[in-house]
Amino acid sequence: MFSKEIYVARRSKLKSSINKEILLFLGNSEASSNYPDNTYIFRQDSNWLYYFGIDKPDFAAIIDIESGEEIIFGNDVDIDDIIWMGPQPSVADQAAEVGVAKTAPLAKLESVVRDAAAKGRKIHFLPPYRNHNKIMLNSILGLAFGQMKEAASEEFIKAVVAQRLIKEPCEVMEIDKACNLGYAMHMAATKLMKTGMIEQELVGVMEGVAVSGGYMTSFPTILSQNGETLHNHTHHQILTEGRLTVIDAGVEIASHYCSDNTRTLPCSGRFTQQQKDVYTIVSEAENMTLSIARPGITYREVHLTISRLMLQGLKNIGIVKGDLDEAVAQGVQGLFMPHGIGHNMGLDVHDMEDLGENYVGYDPDQTRAKQLGLGSLRMARMLRAGHVITDEPGIYFIPALIDQWKAEGHCKDFINFDALDAYRTFGGIRIEDDLLITEKGARLLGSKRLPRTVEEVESAMAE
Ligand code: GLY
Ligand code: MN
Ligand code: MN
């Protein structure tokens with residue numbers, strides 16, 4: 001948790017960006033896995049963490065913009081709780097740690113909010129994503145479940161996004177720490193990987209690093225020789241000579257800030273020539289983002305510049321043909337990279353996506369493209385100092401997608417479909433690092449960069 005002054009200042013800034021009325025914050029509750037008392041690891045809501053810091057279930061708060069009053073709602077423990085959980089600080093003491101003087105039992109929330117609504121005050125709330133909080137909103141405000149997304153406050157969403165998009169120095173320090181642990185997590189797999197192992201063995205070792213040095217992973221680990229399946233969460237295959245493994249994994253440290261890195265490793269420790277050719281295209285593209293990302297360029301432009309560079313590489317090896325500017329305009333890159341170059345990262349690995357991807361990743365004058373790949377770009381905004389973003393280009397050979405484009409003749413003037421036959425069992429390659437946009441450019445988060453070039457990867461795996 002940060003110092004009290006940080007939370008007070010954040011709430012004060014939020015209050016100054018919304019005109020009047022009442023802001024309602026709902027923290028998260030425990031969520032049951034397979035029976036009521038067997039819960040998933042508790043994960044607090046990130047907006048709650050940002051403004052109120054308390055990392056415990058069953059808290060809520062309101063801020064009355066007009067009077068400036070802030071109330072935290074939560075329940076003090078009783079003797080039954082103490083038997084199972086041990087002694088706990090009082091709600092008042094926890095609230096004081098984040099600079100809130102007034103507290104009340106959680107059961108009071110409903111009447112306080114209802115009284116305010118009855119007086120004609122608008123209750124601003126953020127889009128709920130957990131069923132427990134949807135039930136809460138249904139009970140407090142009488143909202144139907146299907147209406148909640150639309151009824152959430154756009155003004156509140158935009159104010160939170162504007163604030164959380166620009167990371168404070170104390171947040172950057174935490175993200176640097178997360179990336180350092182993410183480095184250790186990936187290096188554990190890099191050093192251990194060899195043919196004959198089962199993918200899951202590496203997953204277990206990596207997740208052990210995340211849990212023992214932090215809190216948990218920042219998302220379910222992707223580790224697969226079928227890297228062409230973008231989010232492959234199965235890990236049962238035996239690592240085989242001649243194949244590549246995509247490892248996309250991150251940590252969430254105790255403060256809940258995240259890391260997100262991807263490396264693609266040859267299972268045997270050595271790339272084949274065909275793999276080197278494609279790998280080098282991706283690693284150069286990934287590195288180019290670091291050199292061109294800076295305030296004043298949109299991440300959409302970066303996505304398109306990187307796409308062109310990758311198409312140039314694919315043209316050099318005979319897969320792509322024709323005019324590259326036209327190829328980029330037609331969206332040829334979507335066949336090879338059907339996702340965007342990156343997303344915001346912070347307290348969430350895909351930061352603030354609970355608030356709506358377009359609010360987070362698009363400036364008001366930007367509209368989301370429909371094209372495959374560009375349409376999945378989660379962060380398109382004009383870059384500003386303080387943004388924390390991922391840089392994750394990839395090239396994948398997805399047989400079903402290749403067959404579909406070929407059958408439809410889609411972009412046929414730019415793709416040498418015959419040459420693609422030699423890549424049908426190639427899999428995929430993705431490389432991902434995390435960047436902080438600075439006043440003049442960008443820097444990598446974390447103090448060390450994971451092995452990235454062909455030579456660096458082979459040498460790290462040989463150690
Ligand atoms: N959650 C995987 C990624 O965005 O890299
Ligand atoms: Mn990732
Ligand atoms: Mn990512």
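When D365 is tested against (1) farther than 18 Å from R430 by Cβ; (2) buried (at least 22 other Cβ atoms within 10 Å of the Cβ); (3) of a type in the set (D, E), only condition (2) is not met. Can you find a residue that is within 16 Å of ligand 2 (Cβ to nearest atom), under 30 Å from R43 (Cβ atoms) and in a loop (DSSP other than H, G, I, E, B) anywhere in segment 264-275? No - not one qualifying residue is present in segment 264-275. Under the condition of being acidic (D, E) and more than 28 Å from I41 (Cα to Cα), which residue from segment 219-251 is farthest from ligand 2 (Cβ to nearest atom)? My answer is E241. Of the helices (runs of 4 or more DSSP H) entirely within segment 1-120, those holding at least 1 residues that are touching a Pro at 6+ places or on another chain (Cβ under 9 Å) and at pLDDT 95 or above occupy 91-97. Among the candidates E353, E326, the residue that is more than 22 Å from V246 (Cα to Cα), out of contact with any Pro (no Cβ under 7 Å at 6 or more places or on another chain) and within 16 Å of ligand 2 (Cβ to nearest atom) is uniquely E353. With respect to M216, determine if the residue is within 16 Å of ligand 2 (Cβ to nearest atom), of a type outside the set (D, E, K, R) and out of contact with any Gly (no Cβ under 8 Å at 6 or more places or on another chain). It is true that M216 is within 16 Å of ligand 2 (Cβ to nearest atom), of a type outside the set (D, E, K, R) and out of contact with any Gly (no Cβ under 8 Å at 6 or more places or on another chain).
Tell me whether segment 331-341 contains one or more residues that are more than 16 Å from Y396 (Cβ to Cβ), part of a helix (DSSP H, G or I), out of contact with any His (no Cβ under 7 Å at 6 or more places or on another chain) and not aromatic (F, W, Y). Lay out the reasoning, then the answer.
Restricting attention to segment 331-341, the residues satisfying the condition of being more than 16 Å from Y396 (Cβ to Cβ) are none.
Within segment 331-341, none of the residues are more than 16 Å from Y396 (Cβ to Cβ), part of a helix (DSSP H, G or I), out of contact with any His (no Cβ under 7 Å at 6 or more places or on another chain) and not aromatic (F, W, Y).
Of the residues making up segment 312-331, just one is surrounded by 16 or more Cβ atoms within 10 Å (Cβ to Cβ), without any contact (Cβ under 8 Å) to a residue 24 or more places away in the chain and within 17 Å of L374 (Cβ to Cβ), namely L324.
Tell me the residue from G446, G428 that is in contact with a helix residue (DSSP H, G or I) (Cβ under 6 Å, 6 or more places away or on another chain), within 21 Å of L265 (Cα to Cα) and not aliphatic (A, V, I, L, M), please. Before you say what the answer is, go through the steps one by one.
Details: G428 fails: in contact with a helix residue (DSSP H, G or I) (Cβ under 6 Å, 6 or more places away or on another chain).
Criteria check complete, one pass: G446.
Residues considered: G346, G394, G334, G342. Of these, the only one that is within 16 Å of ligand 3 (Cβ to nearest atom), touching a residue at least 40 places away in the same chain (Cβ under 8 Å), under 23 Å from the mean Cα position of the chain (by Cα) and farther than 30 Å from Y50 by Cα is G394.
For (1) within 15 Å of ligand 3 (Cβ to nearest atom); (2) surrounded by fewer than 23 Cβ atoms within 10 Å (Cβ to Cβ); (3) among the hydrophobic types (A, V, I, L, M, F, W, C), each residue gets a yes or a no:
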{"residue": "C179", "(1), (2), (3)": "yes, no, yes"}
{"residue": "M185", "(1), (2), (3)": "yes, no, yes"}
{"residue": "Q200", "(1), (2), (3)": "no, yes, no"}
{"residue": "G204", "(1), (2), (3)": "no, yes, no"}
{"residue": "V209", "(1), (2), (3)": "no, yes, yes"}
{"residue": "L230", "(1), (2), (3)": "yes, yes, yes"}
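Annotation: of all residues in segment 1-24 being charged (D, E, K, R) and out of contact with any strand residue (DSSP E or B) (no Cβ under 8 Å at 6 or more places or on another chain), the one that is surrounded by the most Cβ atoms within 10 Å (Cβ to Cβ) is R10.
Among the candidates L304, L244, L239, the residue that is hydrophobic (A, V, I, L, M, F, W, C) and under 15 Å from D391 (Cα atoms) is uniquely L304.
A quick yes/no check of all residues on (1) assigned to a loop (DSSP other than H, G, I, E, B); (2) buried (at least 21 other Cβ atoms within 10 Å of the Cβ); (3) at positive phi:
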site	(1), (2), (3)
R384	yes, no, no
T390	no, yes, no
I395	no, yes, no
D403	no, no, no
H410	yes, no, no
A419	no, no, no
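Would you confirm whether or not segment 297-307 contains a residue that is β-branched (V, I, T), touching a residue at least 40 places away in the same chain (Cβ under 8 Å) and over 26 Å from R164 (Cα atoms)? Yes, because at least one residue in segment 297-307 is β-branched (V, I, T), touching a residue at least 40 places away in the same chain (Cβ under 8 Å) and over 26 Å from R164 (Cα atoms).
Checking L347 against (1) part of a helix (DSSP H, G or I); (2) touching a Ser or Thr at 6+ places or on another chain (Cβ under 9 Å); (3) within 16 Å of ligand 1 (Cβ to nearest atom); (4) among the aliphatic types (A, V, I, L, M), only one condition comes out false. Which one? Condition (1) is where L347 drops out. Scanning segment 236-254 for residues that are within 15 Å of ligand 1 (Cβ to nearest atom) and part of a loop (DSSP other than H, G, I, E, B) returns a single hit, G250.
The values are calculated or read from the model by the stated rules, or taken from the named source; none is laboratory data. Values in this document were obtained by computation on a predicted structure and should not be read as measured data. Cβ sites come from the backbone with ideal geometry, for glycine too, and all protein chains shown count toward neighbours.
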